[in-house]
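Here is the structure we will look at, set down as structure tokens.
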Amino acid sequence: MQPRIPRQSVDEQVVAPRADNDARLTAELAAVVSGARRRAVRDGDRQIDSAHLLHSLLEHDPEVRAVFGEGPGIARLLGYLVQRSIGYGLRWQGSVEDSGAVPVVAQSDGFSPLAAGAMEHACERAAARGAGPARGIDLLAAIVPDPEARAVEVLHRAGIDTGALITGIEDRLERLRWSSR
């Protein structure tokens with residue numbers, strides 16, 4: 001029987017600052033990262049990927065849930081995300097999520113290259129907006145445009161229109177810009 005938590009090589013055991021303790025993240029986004037980390041370990045995945053982050057965003061961040069709105073789409077999406085550990089998504093185990101669309105960051109702290117790049121991009125988006133720490137909506141905005149992200153594959157399977165979702169995210173971020181002035 002294989003252990004539930006994958007073994008790490010000596011190179012992977014480098015101690016780095018944990019993203020969930022990063023001052024560039026709101027407390028809510030830090031909770032999202034912690035939840036995604038627990039989900040990855042529980043699922044037996046070697047790295048946190050964009051689907052783990054999306055699942056945790058939906059669980060922990062009401063602002064992100066609001067972008068998706070009400071209706072059957074969100075229920076279908078959560079259904080696909082829950083099924084990941086019992087069948088859907090098992091083909092992802094043992095592979096690395098990386099589209100090459102986002103620059104790879106040197107210290108991934110247990111994230112797939114794509115997820116690490118999305119975390120970095122979320123922080124950059126928040127800083128460019130002058131909004132302080134990155135929020136869950138910033139992370140969602142960093143994940144959804146990448147067609148190679150596992151989260152985007154799940155969104156498509158659930159029938160979520162990613163173009164409309166991106167528009168909703170940008171509208172929400174624009175309202176945040178105006179409310180912070």
Worksheet entry | For SER50, SER34, SER112, order by how many other beta-carbon atoms lie within 10 Å, fewest first | SER34, SER112, SER50
Worksheet item: Counting other C-beta atoms within 10 Å, which of LEU53, LEU78, LEU114, LEU165 has the fewest, and how do the rest follow?
Response: LEU78, LEU165, LEU114, LEU53
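Bear in mind that the values in this text are calculations on the coordinates, not laboratory data. If you're wondering where the values come from, they're calculated on a predicted model, not measured in any experiment. FYI the Cβ positions are ideal-geometry reconstructions off the backbone, even for glycines, and counts take in every protein chain you see.
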